[in-house]
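Student: One structure coming up, written as structure tokens, with questions to follow.
Bear in mind that the values in this text are calculations on the coordinates, not laboratory data. Fair warning: this is a prediction, and the values are worked out from it, not measured in the lab. Cβ atoms come from the backbone with ideal geometry, glycine included; neighbour counts cover every protein chain shown.
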Amino acid sequence: MKSGFLYSIVIGVLVLALAFISGCTPKAATPPPVDVAGTIAVQLVSSMLTQTVAAYSPTPIPVTPSITPTIFVTPTETVYVATKRPQVIGDGSSCWNDGPGPTYGYKNLSSHISDAKKVDILGVGSVPGWFIIRNPYNNGMCWISATELEIYSDIDVSVYPVMTPGRR
């Protein structure tokens with residue numbers, strides 16, 4: 001009977017040892033669940049980065065010169081200014097609207113400019129002996145005979161444009 005008792009003890013010790021050993025041994029790791037969407041996303045990003053790196057060119061991009069603004073200076077027209085303005089002479093000089101004298105009609109009628117009135121010359125008539133002036137009464141253009149104007153010696157009539165009757 002002793003041997004049966006001993007046999008039971010040995011078996012009990014073995015069972016306890018096996019239980020202890022099996023509790024201390026590492027268990028095999030359970031594989032984590034597979035994240036299919038994450039895996040595909042990572043593979044796609046990796047593929048894109050690889051293609052971008054492969055597309056790199058060691059040739060530098062040429063530098064485009066910057067545009068430097070250019071300042072254009074528009075030449076100003078030289079305006080001739082006499083020291084004295086011409087003056088109407090005679091008694092009630094006629095100033096015609098469309099051309100030299102009454103043969104060019106009476107568009108807006110003509111004006112009679114009083115003696116000693118100062119005027120501005122706008123042009124020289126294409127018909128000799130006539131000037132185009134600014135009418136001092138209505139600021140319009142009109143034709144006046146050179147015989148009815150006193151033009152001072154400091155006035156250079158060659159600087160004025162030549163004007164044709166009927167055109168302004």
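Student: Which of L6, L122 comes first, and how do the rest follow, when ranked by fewest Cβ neighbours within 10 Å?
Tutor: Starting with the residue having the fewest Cβ neighbours, the order is L6, L122.
Student: Which far-off residues, 5 or more places away or on another chain, put their amide H under 5 Å from the one on M163, with H placed in the peptide plane?
Tutor: Hits under the 5 Å cutoff: V124, G125, S126.
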